[in-house]
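The next block holds one structure in the form of structure tokens; read it before the comments.
No value in this document is a laboratory result; all are computed from the given coordinates. Please read these numbers as outputs of a predicted model, since none were measured by experiment. Every residue, glycine as well, gets a Cβ built from its backbone with ideal geometry; the counts of neighbours run over all protein chains shown.
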Amino acid sequence: MFNDDDDDNNNNNKILNTQTNSKCRLCQQFDETIDHIISACPMLAKEQYIQRHDTVCAQLHFNIRKETAVQVDKKHSYEHVPKSVETTQGGKVTVLWKRTVQTDRTIPNNKPDIHHNEKETCLLIDVAISGDINVIKKEAEKILKYKNLTM
């Protein structure tokens with residue numbers, strides 16, 4: 001992606017007072033800042049951000065299964081490939097992966113990353129990976145997104 005010997009152009013301009021191009025080397029549209037590279041570059045959004053999101057979700061899924069006694073088929077989380085529906089031996093806990101939540105009415109946003117059912121409790125997990133600057137905004141978006149599923 002970037003060469004190790006390349007310096008951060010935007011930081012060079014601000015700290016060293018140089019006149020290098022501060023635009024992102026990938027998209028050439030926005031200043032190359034840490035926040036831009038981590039969560040806002042349109043060139044990285046196509047694949048890398050989605051892959052990072054799915055890797056984090058798979059790790060969460062693996063950990064939830066271990067904690068709730070749903071049988072874990074792999075020893076290491078990095079080998080884990082989530083299945084659509086998994087249930088404990090006694091059927092007390094069900095963990096769903098990227099499944100639509102069944103409702104009695106049409107709700108536009110009802111497909112969380114992970115859906116954990118235990119007894120009469122349902123926990124919806126929808127992961128957002130964002131830069132520090134957007135954490136509060138993303139949290140509010142996720143809460144609003146699933147508001148219609150609350151009881």
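Within the chain, the longest run free of exposed loop sites, counting GluC sites (Glu not before Pro) that sit outside DSSP helix and strand states (H, G, I, E, B) and have at most 10 other Cβ atoms within 10 Å, spans 48-119. Remark: the stretch 113-120, residue by residue, has Karplus-estimated 3J(HN,Hα) of 5, 9, 9, 10, 10, 9, 6, 9 Hz, where x stands for each Gly or Pro and the curve is 6.51 cos²θ - 1.76 cosθ + 1.60 at θ = phi - 60°. In order along the stretch 69-81, phi translates into HN-Hα couplings of 6, 6, 4, 9, 8, 10, 6, 10, 5, 5, 8, 6, 10 Hz, rounded to whole numbers, per the Karplus curve 6.51 cos²θ - 1.76 cosθ + 1.60 with θ = phi - 60° and x for Gly and Pro. Extending 7 Å from the Cα toward the beta-carbon at both LEU149 and LYS92 defines two label points whose distance is 2.4 nm. Pairs of Cα atoms nearer than 8 Å and 6+ residues apart set the relative contact order; for the chain it is 14 percent.
Residues in the stretch 85-97 carry Karplus couplings, in order, of 9, 9, 9, 5, 3, x, x, 6, 10, 10, 10, 9, 10 Hz; the curve used is 6.51 cos²θ - 1.76 cosθ + 1.60 with θ = phi - 60°, and Gly or Pro positions show x. Taking trypsin sites (Lys or Arg not before Pro) that fall in a DSSP loop and have at most 13 other Cβ atoms within 10 Å as cut points, what is the longest piece of the chain between them? Value returned for the longest uninterrupted segment is 1-45. Summing -39500 (n - 2.57) over the DSSP H runs of n ≥ 4 in the chain and dividing by its residue number, what mean residue ellipticity at 222 nm do you reach, to the nearest 500 deg cm²/dmol? Here the helix-only value at 222 nm equals -9000 deg cm²/dmol. Note down the Stokes-Einstein diffusion coefficient of the chain in µm²/s, whole number, using a Kirkwood radius over alpha carbon pairs, 20 °C, and 1.002 mPa s. For the chosen part, D equals 117 µm²/s. Between the listed residues PRO108, PHE62, ILE136, the Cα displaced farthest toward the positive end of the dipole of the chain, a dipole computed from Cβ unit charges relative to the Cα centre, is found at PRO108.
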